[in-house]
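Below you'll find the structure, written out as structure tokens, and then a few comments.
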Amino acid sequence: MSEPSISDKPLTRNELLKQGIPTLAGHIAATLADPAAECFSSDDEQFLKFHGIYQQDDRDRRKIAKHYMFMIRGRIPGGVLSAAQYRVFDDLATRHGNGTLRITTRQSFQFHGVVKRGLGPLMKSINDALVDTLAACGDVNRNVMAPVVPAISAARQEVYEDARRVSEALLPQTKAYHSIWVEGVQLNVEDAANREFVDPLYGKQYLPRKFKAAFVIPPSNDVDLYANCLGFIAIIEDGRLVGYNLAAGGGMGRSHGNEATYPRMADVVGFLPKDKVVDVARAVLTVHRDFGDRTDRKHARLKYVLQERGVGWFRSEVEARVGFRLGPVRPFAFTSQSDLLGWHRGLDGRWFAGLWVDMGRVKDKDDQRLKAGLRAVADQFPGVEFRLTANQNIVVANVDDAAKDAITAVLMAHGVDVARQSTRMHQASIACPALPTCGLSLAESERYLPGLVDQIEGVMAEVGIPDEEIFIRMTGCPNGCARPYMAEIGFVGKGPGRYQLWLGGNATSTRLARVHKEMVKEAEILPELRGLFVRFAAERTPGERFGDWAARTLWTAAAA
Ligand code: SRM
């Protein structure tokens with residue numbers, strides 16, 4: 001194993017905070033108990049993240065005053081919830097949140113708009129439902145992703161169970177979470193175990209930055225594997241899961257005007273037998289722990305360690321930590337990244353329905369009452385399962401023949417037509433939440449993209465490509481939360497009404513897009529796309545997708 005080099009640059013403020021209170025308890029319980037306190041201190045804001053909570057304020061109302069509210073994110077490995085758990089999330093969103101549930105790009109649910117007095121009851125109820133929010137945010141391993149299609153084979157079920165095992169194995173061990181949110185008391189710091197607490201895996205300072213892991217079963221890349229710090233690509237031979245190809249070093253986050261930050265796709269490093277998956281996950285995490293940059297949070301992701309030290313070094317480092325050699329990468333190929341929408345029958349004979357959720361926001365709107373419809377399904381069919389997807393959709397799974405038509409009817413009664421859900425372009429578009437909740441957002445995203453997609457469809461029809469599918473992703477800032485750098489068309493917020501335009505991702509999410517225009521104003525987006533679509537329609541080869549055309553023609557032209 002290599003020795004990490006010691007930097008003479010000072011540690012970041014977050015490092016000192018973690019080092020000072022490794023239980024992550026901060027002074028959260030005291031502020032929580034104080035009815036006069038509207039918000040937490042800036043130090044506690046950082047600790048709260050490890051508990052799955054973000055302190056936000058309503059940016060629509062900032063000009064009047066700061067209205068504090070909280071975003072809470074679940075830890076839901078693989079995005080799987082029982083009907084009973086779903087009902088708890090639904091109830092809590094109505095009772096304590098803004099009446100919506102937001103499916104995230106990592107298969108979780110977020111509550112938005114929770115006020116401080118609702119925080120304690122909400123957290124307690126989630127935990128009572130045997131779900132938690134621990135490590136959904138913070139400098140730790142985040143929600144572990146897993147393939148969406150419900151368990152239709154033993155191998156698929158095994159992959160899902162491995163994802164859960166890895167999620168559990170990489171959890172921080174602090175007692176503070178349980179003490180504050182379940183028992184409702186401050187962590188007893190007089191207790192020696194708490195006073196001298198050092199996490200056995202993470203140490204005193206946890207990771208230099210967030211860490212993200214995903215499992216995938218080719219040929220579907222429905223979790224966007226290459227955007228993750230750690231990826232396990234299932235290798236299934238003759239119906240048996242034999243092991244995984246290890247991928248590492250992916251990440252999207254960057255900052256405008258800072259060339260030292262960039263999106264990067266994970267490298268595929270080698271093969272491991274299935275029984276080593278937890279050991280390898282721990283080893284990769286500890287490489288990040290030991291070699292990530294703790295002096296600059298913008299440079300602290302595992303992707304920079306791989307980029308700067310090389311894949312060969314990384315492989316040797318992981319091998320030294322697990323005590324065995326990784327095998328050669330086994331062949332695999334991805335053919336899609338999309339969710340299966342509509343009804344499908346699994347190999348086990350059970351049905352599942354993929355439901356498109358506009359921008360991942362489960363809500364009731366006019367005649368489309370998705371939230372009430374899903375709730376009715378959960379109430380009336382307690383044996384079903386809900387699966388959240390990385391494309392911000394939801395799957396109702398584990399449905400038998402008798403229930404299938406009845407569920408269709410329940411959804412239809414709420415204005416949700418399983419057979420005709422939306423247009424291809426809307427189904428291929430995702431955006432991050434951005435305004436008014438996200439403190440980092442520079443431009444609109446979730447509230448702007450649906451209307452823009454309507455207009456883009458209009459332009460496509462005019463130039464003669466009405467039935468095309470183009471993956472569009474929008475974010476309000478360059479952090480990459482909706483993974484715009486993997487999209488065929490990516491919009492990255494630069495300021496109010498202004499976006500950087502990225503082009504050239506592909507249908508399998510296996511190629512990074514590139515900047516096409518540094519900045520387009522809202523009014524310039526449609527004229528810019530119209531020009532591109534006209535060229536695409538004229539120059540495309542048979543069956544060629546927009547992203548492939550863009551990469552083939554625009555990049556070659558730029559390089560010439
Ligand atoms: Fe993200 C920060 C929302 C997936 C990269 N992300 C944030 C925060 C918490 C803003 C903040 O720090 O105050 C956003 C809260 C917005 C809100 O109001 O809800 C936010 N990120 C989201 C979600 C909800 C977007 C969505 O449309 O679903 C996703 C929650 C996933 C989950 O369940 O855990 C979400 N974020 C991602 C992804 C995609 C992924 O993981 O596959 C990325 C890119 C991959 C990566 O990590 O590189 C991503 N989020 C970031 C970053 C940039 C990190 C970096 O490398 O610098 C930030 C900023 C930060 O951490 O300082 C960020």
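Summary table
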| quantity | calculated |
| --- | --- |
| Any hit, segment 422-431, residues being within 16 Å of the ligand (Cβ to nearest atom) and hydroxyl-bearing (Ser, Thr, Tyr) | yes |
| Filtered residues of segment 415-434 (kept if part of a loop (DSSP other than H, G, I, E, B) and either touching a Phe, Trp or Tyr at 6+ places or on another chain (Cβ under 9 Å) or surrounded by fewer than 19 Cβ atoms within 10 Å (Cβ to Cβ) (or both)) | Gly415, Asp417, Val418, Ala419, Arg420, Gln421, Ser422, Thr423, Ala428, Ala434 |
| Of the criteria (1) in a loop (DSSP other than H, G, I, E, B); (2) of a type outside the set (Lys, Arg); (3) without any contact (Cβ under 8 Å) to a residue 60 or more places away in the chain, which one Cys481 fails | (3) |
| Search result, residues across segment 462-502 that are among the charged types (D, E, K, R) and closer than 18 Å to Ser441 by Cβ | Arg473, Arg483, Lys494, Arg498 |
| Filter result for the condition that a residue is modelled with pLDDT under 95 and more than 16 Å from the ligand (Cβ to nearest atom), over Asp367, Asp379 | Asp367 |
| Matching residues, segment 299-312, being away from the ligand (no atom under 16 Å from the Cβ) and either within 19 Å of Ala281 (Cβ to Cβ) or assigned to a loop (DSSP other than H, G, I, E, B) (or both) | Gly310, Val311 |
| Residue count for segment 439-474, restricted to those that are without any contact (Cβ under 8 Å) to a residue 60 or more places away in the chain, within 16 Å of the ligand (Cβ to nearest atom) and surrounded by fewer than 20 Cβ atoms within 10 Å (Cβ to Cβ) | 2 |
| Residue selected from segment 335-390 under the condition out of contact with any strand residue (DSSP E or B) (no Cβ under 7 Å at 6 or more places or on another chain) and acidic (Asp, Glu), by the criterion surrounded by the most Cβ atoms within 10 Å (Cβ to Cβ) | Asp358 |
| Qualifying positions in segment 190-230 - of a type in the set (S, T, N, Q) and in a strand (DSSP E or B) | Ser220 |
| Residues that are of a type in the set (S, T, N, Q), under 20 Å from the mean Cα position of the chain (by Cα) and part of a loop (DSSP other than H, G, I, E, B), drawn from segment 77-125 | Thr100, Thr104, Thr105, Gln107, Ser108 |
| Val492 vs. criteria over 26 Å from Met265 (Cα atoms) and among the hydrophobic types (A, V, I, L, M, F, W, C) | no |
| Helices (runs of 4 or more DSSP H) contained entirely in segment 504-560, each with at least 2 residues that are in contact (Cβ under 8 Å) with a residue 40 or more places away in the chain and under 21 Å from Asp454 (Cα atoms) | 522-539, 546-549 |
| Number of the condition not met by Ala227 [criteria: (1) small (Gly, Ala, Ser); (2) farther than 23 Å from Arg387 by Cα; (3) surrounded by 19 or more Cβ atoms within 10 Å (Cβ to Cβ)] | (2) |
| Candidate set: segment 253-295, residues that are charged (D, E, K, R) and closer than 21 Å to Tyr206 by Cβ; chosen: the one nearest to the ligand (Cβ to nearest atom) | Asp293 |
| Members of segment 149-190 found to be at pLDDT below 95 and touching a strand residue (DSSP E or B) at 6+ places or on another chain (Cβ under 6 Å), listed by number | Pro150, Ala155 |
| Members of segment 226-240 that are away from the ligand (no atom under 15 Å from the Cβ) and touching a Ser or Thr at 6+ places or on another chain (Cβ under 9 Å) | Ile236, Gly239 |
| Selection count, segment 231-265, where residues are surrounded by fewer than 24 Cβ atoms within 10 Å (Cβ to Cβ), hydrophobic (A, V, I, L, M, F, W, C) and not in a strand (DSSP E or B) | 2 |
| Segment 484-498 - residue that is of a type in the set (A, V, I, L, M, F, W, C) and in a strand (DSSP E or B) and, of those, surrounded by the most Cβ atoms within 10 Å (Cβ to Cβ) | Val492 |
| Among (1) within 11 Å of the ligand (Cβ to nearest atom); (2) aromatic (Phe, Trp, Tyr); (3) in contact (Cβ under 8 Å) with a residue 12 or more places away in the chain; (4) farther than 19 Å from Arg164 by Cβ, the one test that Phe211 misses | (4) |
| Test: residue in segment 50-58 that is touching a Cys at 6+ places or on another chain (Cβ under 7 Å), in a loop (DSSP other than H, G, I, E, B) and either acidic (Asp, Glu) or at pLDDT 95 or above (or both) | yes |
| Only one of Ala65, Ala135, Ala83, Ala93 that is modelled with pLDDT under 95 and either more than 14 Å from the ligand (Cβ to nearest atom) or closer than 30 Å to Gln337 by Cβ (or both) | Ala65 |
| Residue count, segment 258-276 (criterion: of a type outside the set (D, E, K, R) and under 18 Å from Tyr304 (Cβ atoms)) | 8 |
| Residues of segment 143-189 that turn out to be part of a loop (DSSP other than H, G, I, E, B), buried (at least 17 other Cβ atoms within 10 Å of the Cβ) and away from the ligand (no atom under 16 Å from the Cβ), as a count | 8 |
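The rows are residues; the columns are (1) free of Cβ contacts under 8 Å to residues at least 40 places away in the same chain; (2) over 22 Å from Glu468 (Cβ atoms).
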| position | (1), (2) |
| --- | --- |
| Ala390 | no, yes |
| Ile394 | no, yes |
| Asp400 | no, yes |
| Ala409 | yes, yes |
| His414 | no, yes |
| Gln427 | no, no |
| Thr437 | no, yes |
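The values are calculated or read from the model by the stated rules, or taken from the named source; none is laboratory data. Note that the structure is a prediction, hence the values are computed from the model and not measured. Cβ sites come from the backbone with ideal geometry, for glycine too, and all protein chains shown count toward neighbours.
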